[in-house]
């Protein structure tokens, strides 16, 4: 009992000493975090969740076109277009092309922004209420079974050398209808019944000829067009190639003039957190600051650890050459499609783009990400924009 008494006395003394050694500073003051001020934010529709499916290309571009309909006065932020209608139409076209090229095509869940443009042009779109993104009884989108069955069917066609019966495409349509629902022939909007194609042009006021894909790489001449060599560009659509400075100028002008942007990027980077931040931390600067308070918060005290980005840090200065190197060595990959709708600044005056994601209302900002200009310069694969949002001098160089 005596030894236990001295043990507790020593423990109490230790705790008192520790308490006096620690500054009595609240956690939120010790870790200031990110503080954002909105510079310009254009209207967007509600946050959605693509669930367990590789359909970010459809979710992001659908949101982009919803914002376009809001901008032109044909809709408001309650607009909710069907994503699965667009997915179905594109998956059918992808299977057709897969057969035509004897299976030498990426047959996966992914796609590109232009896939949605083509689909709207050829097949139109309907409201989500007429073709829900979730079938009755479902709580989350999950393409696991659909992808397994569809891939098996495609591989069967490949082994047959593309010589399939007329029943093949009918079978695939039935599979898609079973998992995604039936594509309706009409949709009703503001009391008017439209065919899907008329809904795009007359109901939403959209003209697909207004939209262009823009990128920035050096393995093709600037101010020409080329097909970005990524597997999900299965249609081999062309993008305008501009300098990275012009790409940023296009994006800034679009936001300023009230337009939004469909944005394709690599989100597997250490600086793209799951809590709503996207930056390019200067790891050499962090390593040289080992032992500092900032390094403690972002993980710089352990060079082997993945940084925990909890406050602004010094970022890398991105060049055109760095972009190209990332593309060529596959450290920049075609990961994810999102929608940029605004610009903000942090407490240090650093510019960030405001991004609508399709992972549900997650993270600190409930489905919104703040992504620095450095990250956008480095990891953008391409953007889809209204050509009327491009500055006139850049449009002239692009030839549009």
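A compact table of results
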quantity	calculated
Most mobile of 148, 69, 254 in a GNM of the chain (Cα contacts under 10 Å)	148
The chain: relative contact order as a whole-number percent, Cα under 8 Å and 6+ apart	23
Estimated FRET transfer efficiency when R0 is 45 angstrom, pair residue 185-residue 229 (beta carbons, to 0.05)	0.75
Residue order, fewest to most beta carbons within 10 Å, for 65, 199	199, 65
Residue of 327, 104, 240 that the Gaussian network model of the chain assigns the largest fluctuation, springs spanning Cα pairs under 10 Å	104
Extension gain from residue 275 to residue 37, taking 0.36 nm per residue of separation minus the Cα-Cα distance	83.9 nm
Helix axis angle, 2-21 relative to the chain longest principal axis, alpha carbon, degrees	70
Using alpha-carbon coordinates, inclination of helix 56-71 to the longest axis of the chain, degrees	80
Order of 146, 206, 135 - criterion: other Cβ atoms within 10 Å of each residue's Cβ, fewest first	135, 146, 206
Amide N proximity, segment 86-105 versus residue 151 label position 7 Å along Cα-to-Cβ, cut-off under 20 Å	87-88, 90-105
Protection proxy ranking, peptides 107-116, 92-101, 210-219, average beta carbon neighbours within 10 Å, highest first	107-116, 210-219, 92-101
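Coordinate-derived values only; no laboratory data. All figures in this text were calculated on a predicted structure; none of them were measured in a lab. Every residue, glycine among them, receives a Cβ derived from its backbone with ideal geometry; neighbour counts consider all protein chains shown.
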